[in-house]
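Colleague: Take this structure, written in structure tokens, and hold onto it; I'll ask about it next.
The values are calculated or read from the model by the stated rules, or taken from the named source; none is laboratory data. Predicted, not measured: the structure shown is a model, and the values here were computed from it. No Cβ is skipped: glycine too gets one built from the backbone with ideal geometry, and neighbour counts run over all protein chains shown. The protein model used for the area step is the full one, side chains on, heavy atoms only, and it has no ligands, DNA or RNA in it. Shrake-Rupley method; radii C 1.70, N 1.55, O 1.52, S 1.80 Å.
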Amino acid sequence: MRYEVIVIGAGMVGTSIAWHLQKNNSKVLLLDRKLPGLETSYGNAGLIQREAIHTHPFPRQLTELVRVMPNRGTDIRYRLPAILRYHQALLQYWKYSTPASVKKIEAEWQTLIAHCTSEHQTMITASNADELIRRDGWLQLHRSEDTLKTAAALAISDREQGVEHKVLSVEELKVLEPNANFDGFVGAIHWLNSWQVSNPSMLVKAYAKNFEDMGGTTQEKNVKEITPDDSGDGQGWKVVTDNDTYYCDDLVVAAGPWSNELIKPLGYNLPLFPMRGYHQHFKTTGKNTINHSMFDMDKGFVMGPMQQGIRITTGAEMTTMDAPKNFGQLKTVLKLARKILPLEEAVESEAWAGSRPCMPDMKPVIGPAHKHEKLWFAFGHSHQGFTLGPMTGRIMEELIHNKPVIVDVEPFNAQRFSKIK
């Protein structure tokens with residue numbers, strides 16, 4: 001069967017692209033090895049982060065490098081095989097993390113973040129998914145007066161970018177979250193116009209259902225190969241899965257950390273590297289109920305109220321995609337989390353793990369492939385694929401249908417890495 005567009009990848013990014021294309025009268029197939037919302041989009045912290053206008057540079061200060069080196073931190077850990085495999089990308093990451101580079105990168109990044117909530121709202125309304133959204137912000141907890149003071153000063157300047165916040169004392173925190181123990185904390189930033197999602201997987205599924213209601217098709221298939229198809233009147237694409245072959249005019253690769261493996265046979269080798277995260281849910285009780293997601297800024301983990309229970313989400317682990325799970329980071333995080341909230345009965349027998357697709361310049365790849373016609377890339381959103389999925393979907397629809405694009409997409413082109421071997 002032939003489609004106008006095939007989108008490979010059924011996470012938040014891929015689903016949003018398919019939704020926008022179908023809404024604008026394309027015949028679209030959404031294709032992935034798992035159904036929508038069952039991979040990385042299942043496991044994030046459940047935040048649509050309007051405040052996330054700053055990137056996360058590679059540590060360049062010696063004190064920060066010394067802190068990370070023992071590999072016992074709760075915010076970041078690493079495994080040597082991953083360092084060796086992705087050393088070129090990590091070197092580029094370090095190079096892109098100079099203050100001058102970060103300033104330029106963030107200015108480009110902010111053009112995407114500025115539209116994240118409004119673009120989500122369009123899809124939320126169409127999908128009747130409003131019950132999954134809370135619009136009362138989230139809490140960034142601080143254990144140090146110095147880090148709180150620095151964050152508060154930065155937050156004031158962020159108002160120019162449309163970010164709203166309030167600095168909270170410990171006493172004010174206790175009023176908002178009476179079940180939490182804030183011993184050891186000095187205060188918090190309340191990010192007011194970011195949103196919480198009570199079930200990230202269900203939000204992606206709601207978007208996917210609306211896509212299907214509009215006439216779109218979803219298939220659970222493992223893509224084995226993508227090749228140009230010149231058998232028709234014009235160039236198109238052939239997508240080979242385990243047991244089927246599909247044809248399309250335009251092809252979008254939005255497969256997150258798996259994207260590079262799909263496009264390498266076509267001559268692309270982008271410096272994409274994965275960062276793994278873990279989470280586990282604990283049953284909600286009268287003693288641990290919270291109203292806001294809370295991020296321990298100094299320890300790098302999130303506690304969030306979800307439909308499944310209280311979700312504890314770790315920071316990042318630098319590892320390979322096929323590496324076995326290592327729960328050491330999560331176990332350390334849980335010791336800290338239990339000092340804040342009484343977490344007793346785990347919901348799952350084993351914690352979830354998933355990988356986020358990262359690029360060394362901290363920006364996603366969004367736009368046309370530079371070696372092939374009608375091939376499009378949309379991946380590498382790092383920790384913000386859930387936040388930026390609908391915005392990316394809008395951009396891709398505008399590009400494919402040759403419309404005026406809401407932002408300048410040149411900073412996100414794939415060719416910017418052509419000099420990297």
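Colleague: With a 1.4 Å probe and all protein chains kept in place, how do SER198, SER293, SER157 rank by accessible area, largest first?
Modeller: Highest to lowest solvent-accessible surface, that is SER157, SER198, SER293.
Colleague: A follow-up question, please. What relative contact order, as a whole-number percentage, does segment 210-365 give when Cα pairs under 8 Å and 6 or more residues apart are counted?
Modeller: Relative contact order comes out at 23 percent.
Colleague: Suppose we keep just the DSSP beta bridges with both residues in the chain; what percent of those would be antiparallel, to 5?
Modeller: In the chain, DSSP labels about 70 percent of beta bridges as antiparallel.
Colleague: Tell me, what is the 1.4 Å probe accessible area of LEU84, in Å² to the nearest 10?
Modeller: Probe radius 1.4 Å; accessible area of LEU84 about 110 Å².
Colleague: Right, something else. To the nearest 10 square angstrom, what accessible area does TRP94 show with a 1.4 Å probe?
Modeller: 100 Å²
Colleague: Now for a different question. How much of the accessible area of the chain, in percent, comes from carbon and sulfur atoms when a 1.4 Å probe is used?
Modeller: The C+S portion of the solvent-accessible surface of the chain is 52 percent.
Colleague: With the dipole of segment 318-409 worked out from charges on the C-beta (+1 for Lys and Arg, -1 for Asp and Glu) around the Cα centre, which of ALA323, GLY367, MET391 lies farthest toward the positive end?
Modeller: Going by the Cα projections, it comes out as ALA323.
Colleague: For Cα pairs less than 8 Å apart in space and 6+ apart in sequence, what is the mean separation divided by the residue count of segment 123-256, i.e. the relative contact order in percent?
Modeller: 25 percent
Colleague: Pop out the Kirkwood hydrodynamic radius of segment 137-229 from its pairwise C-alpha distances, inverse of mean 1/r, in Å to one decimal.
Modeller: Taking the inverse mean of 1/r over all distinct Cα pairs, segment 137-229 comes out at 17.0 Å.
Colleague: Roughly how much of TRP19 is accessible, in Å² to the nearest 10, using a 1.4 Å probe?
Modeller: For TRP19, solvent-accessible area is about 0 Å².
Colleague: Averaging over every viewing direction, what projected area does the convex hull of the Cα atoms of segment 7-50 cover, in nm²?
Modeller: 3.5 nm²
Colleague: Give, as a single signed number, the net charge of other residues whose beta carbon lies under 10 Å from the beta carbon of GLY309, with Lys and Arg counted +1 and Asp and Glu -1.
Modeller: So the environment of GLY309 carries a net charge of 0.
Colleague: Using a 1.4 angstrom probe with every protein chain in place, what is the largest-first accessible-area order of GLU348, GLU145, GLU177?
Modeller: Descending accessible area places them as GLU145, GLU348, GLU177.
Colleague: Could you provide, to the nearest whole Å², the per residue accessible area of the chain with probe 1.4 Å?
Modeller: 43 Å²
Colleague: Along the positive direction of the dipole of segment 49-202 (beta-carbon charges: Lys, Arg +1; Asp, Glu -1; about the Cα centre), which of THR55, ILE124, ASN199 reaches farthest?
Modeller: After comparing all options, I get THR55.
Colleague: Right, next: Helix 385-400 versus the longest principal axis of the chain: what angle, 0 to 90°, nearest 10, using Cα atoms?
Modeller: Between helix and principal axis, roughly 20 degrees.
Colleague: Could you give the angle, 0 to 90 degrees to the nearest 10, between helix 116-127's Cα long axis and the longest principal axis of the Cα atoms of the chain?
Modeller: The two axes meet at around 70 degrees.
Colleague: Relative contact order, percent, of the chain when contacts are C-alpha pairs under 8 Å separated by at least 6 residues?
Modeller: 26 percent
Colleague: May I pose another question? Between segment 79-135 and segment 174-223, how many Å separate their Cα centres?
Modeller: The distance from the Cα centre of segment 79-135 to that of segment 174-223 comes to 16 Å.
Colleague: For segment 341-395, what value does the Rg/Rh ratio take when both radii are computed over Cα atoms and Rh is the Kirkwood radius, given to two decimals?
Modeller: Using only Cα positions, Rg/Rh for segment 341-395 is 1.21.
Colleague: If I take the Cα coordinates of segment 294-421 and project them onto the principal axes, what are the three extents in Å, biggest first?
Modeller: 54, 33, 27
Colleague: For segment 4-162, which semi-axes, largest first and in whole Å, follow from the square roots of 5 times the eigenvalues of its Cα gyration tensor?
Modeller: Over the Cα atoms of segment 4-162, the ellipsoid semi-axes are 33, 23, 17 Å.
Colleague: Now for a separate question. Only four residue types carry charge here, +1 at the Cβ of Lys and Arg and -1 at the Cβ of Asp and Glu. Report the dipole size of segment 155-290 about the Cα centre in Debye, rounded to the nearest 20.
Modeller: 680 debye
Colleague: Right, next: Using the alpha carbon gyration tensor of the chain, what are the three equivalent-ellipsoid semi-axes (square root of 5 times each eigenvalue), largest first, in whole Å?
Modeller: Value: 35, 23, 21 Å, ordered largest first.
Colleague: Leaving ligands and nucleic acids out of the surface, order THR285, THR320 by accessible area at 1.4 Å, largest first.
Modeller: Output order, biggest surface exposure first: THR285, THR320.
Colleague: 222 nm [θ] for the chain, helices only, -39500 (n - 2.57) per DSSP H run of 4+, per residue, to 500?
Modeller: -9500 deg cm²/dmol
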